[in-house]
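To start, the structure under review is shown below, and the notes come after it.
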Amino acid sequence: MNRFFIVIVTIFTCVASLWGQQRELTLSQAIQYALQHKADAQKARLEIKKSEYKIQEVRAHALPNLSATGSLTYNPKLQATYIDASTFAIPGMPPREGVLKMELGQKWSSSAELKLTQMLFNQSVFMGLKAARTTREFYILNEQLTQNDVIEKVAQAYWQVYQARQVLENVQSNLSLTEQTAEVVRGSFEAGLARKIDLDRVTVTLNNLKSAQQQALSGVQLSEHALKYMIGMPITEPINLPKDAFKATYQLAFEKGDASKRIELQVLEKQKELLSLNTRAEQAGLFPTLALMGSYGYLGMGPKMPLIYGEKNKVYWADYSAISLGLSIPIFSGFGTKAKIHQALIEVDALNETLKDTRLAMDLAYENAQTQLTNNLLTIDTQKENVKLAQEVLTNTQNNYHQGLASLNDLLESERALSDAKNSYTNALLSFKLAEIELLKAKGELSTLK
């Protein structure tokens, strides 16, 4: 039984360990999860799908169009016409005088017709088809731009969870040190070797640290909730982040980049192409259009409803057909088309100016991100050295305090200085990680985080 119990415990321990490993969420996994579940990414994919149907819609204007129509008409009062009676002279009889009233048509008429239209030449349709295909390419680039926005926000939220957890660890470490100091002071006070004011002082420090611990716990929860929201994960879902991921790497600071690869510039270039096609589409309004049309139908007329009665009731049906070639040549539109063309050209010129300014902004962002990352690396080295020195000062102060060579105030101040140094180092790491994201964005390489 004991062996069986040990086996069961071992199995549950292994399963729990494997489950914990499965639930570990790396930055790449968080980004992939966000790209699959975040609403912005899903809407960008839907826009691409929508563009496919837009192409089909435009293509329909260049394909044959077949339509069927039908009608049933009842004329309560037929239209009448008046003609000169003398025009109806009957041989062998004297000519009639006056005016004859004649009703035209029948009380009932019904028709059914098939009509086929094929556009042979329409420059606007051809330009629209090119524009629809380019629009699809634009939405593909826009999806990549949306993915970059998602990656940037997820990465920022991801590293902020590490920073919040590190702050909590720092507070807990400082709390543990202060609790040890409090035990020493309490023992000295009970032995009559310490003053009541010293015990009160360390108690106040402990209470402040416990309050800071609670705030740090709230900060961890809030940062985790923010990360889950950014990736589209349920708030109640537990997450476990790798322990060794929150560290600085020096390689990126010395790599060269090219801001021209940024997806934002590619999107603007595609917008420029769309505006150029729009200009050509407006110019297409000056071209003639040519269409081939054919129709075939049946027409029934009589004093009674044609759908029910036949020739016995004087209802007759006859078929008809027509084939026509339609040509439309624009001659004068009140300068409206010319105005539209100039408006489209101005939009192209405006986008060219936007492109110039955006390229300049991209170059500035790259240089700033490179400088910021390098400065953060120096800050990290400085703060790391500060943590080491603060630890040495605390160790020396603890020894001096036990030997009566340092005051309690010196000891508490040393503990606080170590905690501040750790927090400064943690903040420097977060600043580095955020600067790293900015540099990858400036280089157009955010997708490498996936």
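The values are calculated or read from the model by the stated rules, or taken from the named source; none is laboratory data. Bear in mind the structure is a predicted one, so any value in this text is a computation, not a measurement. Note that we place each Cβ from the backbone using ideal geometry, even for glycine, and neighbour counts take in every protein chain shown. Calculation scope for accessible area: heavy atoms of the full protein, side chains included, ligands and nucleic acids excluded. Shrake-Rupley method; radii C 1.70, N 1.55, O 1.52, S 1.80 Å.
Data overview
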quantity: Lys, Arg +1 and Asp, Glu -1 on Cβ, resulting dipole of the chain about Cα centre, debye, nearest 20; calculated: 1840 debye
quantity: Charge dipole (the chain, unit charges on Cβ, about Cα centre) - positive-most of ILE235, GLN163, LEU389; calculated: ILE235
quantity: Unit charges at the beta carbon, dipole of the chain: most positive-side option, GLN251, LEU286, PRO330; calculated: PRO330
quantity: Theoretical gain in end-to-end length, ASN368 to LEU145 [0.36 nm per residue, Cα-Cα removed]; calculated: 78.2 nm
quantity: Angle in degrees between helix 123-190 and the longest Cα principal axis of the chain, rounded to the nearest 10; calculated: 20 degrees
quantity: Those aspartates and glutamates that a straight Cα-Cα span of less than 20 Å connects to LYS384, excepting residues fewer than 8 apart in one chain; calculated: GLU169, ASP244, GLU392, GLU413, GLU415, ASP420, GLU436
quantity: Cα→Cβ-extended label distance, 7 Å offset, between LEU222 and ASN409, nm; calculated: 3.4 nm
quantity: Residue-averaged 222 nm ellipticity for the chain, from DSSP H runs of 4+ at -39500 (n - 2.57), nearest 500; calculated: -23000 deg cm²/dmol
quantity: 1.4 Å probe accessible area per residue over the chain, in Å²; calculated: 62 Å²
quantity: Pairwise centroid distance, computed over Cα atoms, of segment 109-146 with segment 184-229, Å; calculated: 70 Å
quantity: The chain, accessible surface, carbon-and-sulfur percent (1.4 angstrom probe); calculated: 57 percent
quantity: Segment GLU255-THR448, length gained on full extension (0.36 nm per residue, minus Cα span); calculated: 68.1 nm
quantity: Computed FRET value (nearest 0.05) for LYS247 with ILE331, which takes r as the C-beta separation and R₀ as 45 Å; calculated: 0.05
quantity: Virtual spin-label span in nm between LYS107 and THR382, 7 Å along Cα→Cβ; calculated: 10.5 nm
quantity: Average Cα contact separation per residue, the chain, under 8 Å, 6 or more apart, as relative contact order %; calculated: 23 percent
